[in-house]
Amino acid sequence: MMVREGAAPRIIIWAVTIFGLLAIYAPPLYLLGVSFNPSLQPGLPHFSDLTLKWYIALGGESALVAALVQSLLIALVTAVIATVLSLAAALAYRELHRGRSIWFLTVLLPMFVPGVIQGLALSTLISRVGVKASALTVIAGHLLWAMPFAFIVILTSFSAVKRTYLMAADDLGASRFRQFYDITLPLIRPGLISAFIFSFLLSLNEFTRAFYLAGRQNTLPVVLFGKMNAGASPTIYAMSGAIFLISSVCVVAVALRSLLVERGVR
């Protein structure tokens with residue numbers, strides 16, 4: 001069979017891409033599968049073996065439910081603050097004429113600090129100044145982790161804001177605030193929503209920093225880690241499967257919204 005010229009590189013690229021996606025998504029998909037009947041490990045359950053028993057049993061796991069509520073609250077606050085601060089950082093970046101690169105690297109620097117070092121450093125600092133570990137200290141650690149990603153997402157969305165739009169509004173007498181509110185904000189709204197969801201998911205799934213900074217009530221990843229070390233319970237798989245499904249739905253929702261917005265602009 002003859003292969004068209006130039007087809008071989010595309011086939012190789014697609015093969016490598018598919019292999020990489022399978023390597024990334026196979027473990028969480030397997031975890032999702034066994035969550036419907038963990039007793040059948042290492043095999044996957046057949047359709048006749050599927051049960052929601054362990055998902056229903058989650059309601060009786062007070063420790064997991066309390067940790068989930070704590071994680072959701074922390075993730076929500078982290079996402080709101082990270083989105084607002086990242087928007088301000090992106091606006092500052094666009095207004096800077098000198099030192100743009102320094103500002104960009106400064107905002108992104110926490111992304112490259114290992115979570116263990118960052119969590120340990122923050123834990124040492126707050127203990128030295130007499131601050132007790134709590135949800136607020138976890139939020140502070142998660143902000144350092146989520147904000148650089150939110151900043152990149154929002155900064156990318158500013159590509160939809162053309163200078164000519166703002167110049168035209170300025171010629172018509174619009175103030176800087178009206179330019180931002182009437183032109184910039186609607187154009188970057190998809191980026192703000194994406195940054196919010198991204199920050200929310202990053203905080204919800206963050207373990208390392210929360211391990212050092214959590215107070216009396218641990219977050220869900222820390223509790224799951226402790227329960228796994230004490231002996232895996234079927235409800236752990238159910239909780240992990242539920243978190244994976246929720247995260248996937250959020251990501252798909254963002255992707256679909258971005259696609260619809262893009263088609264609307266076209």
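Things to note:
- Between the helical axis of 7-34 and the longest alpha-carbon principal axis of the chain there is an angle of about 50 degrees.
- Annotation: the residues TYR30, TYR55, sorted from fewest to most other C-beta atoms within 10 Å of their own C-beta, follow the order TYR30, TYR55.
- Whether the chain is rounded, prolate or oblate, judged on the alpha carbon gyration tensor where a/c under 1.5 counts as rounded: oblate
- Among PHE207, PHE196, PHE149, the order by Cβ neighbours within 10 angstrom, fewest to most, reads PHE207, PHE149, PHE196.
- With respect to the chain, whose longest principal axis is taken over its alpha-carbon atoms, helix 62-95 is tilted by about 20°.
- Computed [θ] at 222 nm, helices only, for the chain once each DSSP H run of length n ≥ 4 contributes -39500 (n - 2.57): -24000 deg cm²/dmol
- The shape of segment 129-184 comes out prolate: with a ≥ b ≥ c from the C-alpha gyration tensor, a/c is at least 1.5 and a/b beats b/c.
- Anisotropy class of segment 87-158 from Cα gyration tensor, a/c 1.5 cut: prolate
- Rounded tilt (10° steps) of 234-265 against the dominant C-alpha axis of the chain: 30 degrees
- Residues THR106, THR137, sorted so that the one with the fewest Cβ neighbours within 10 Å comes first: THR106, THR137
Here, each number is a calculation from the coordinates, and none is a lab measurement. Owing to the predicted nature of the structure, the values given are computational and were not obtained by experimental measurement. For neighbour counting, all protein chains shown are included, and Cβ atoms are generated from backbone atoms with ideal geometry for every residue, glycine included.
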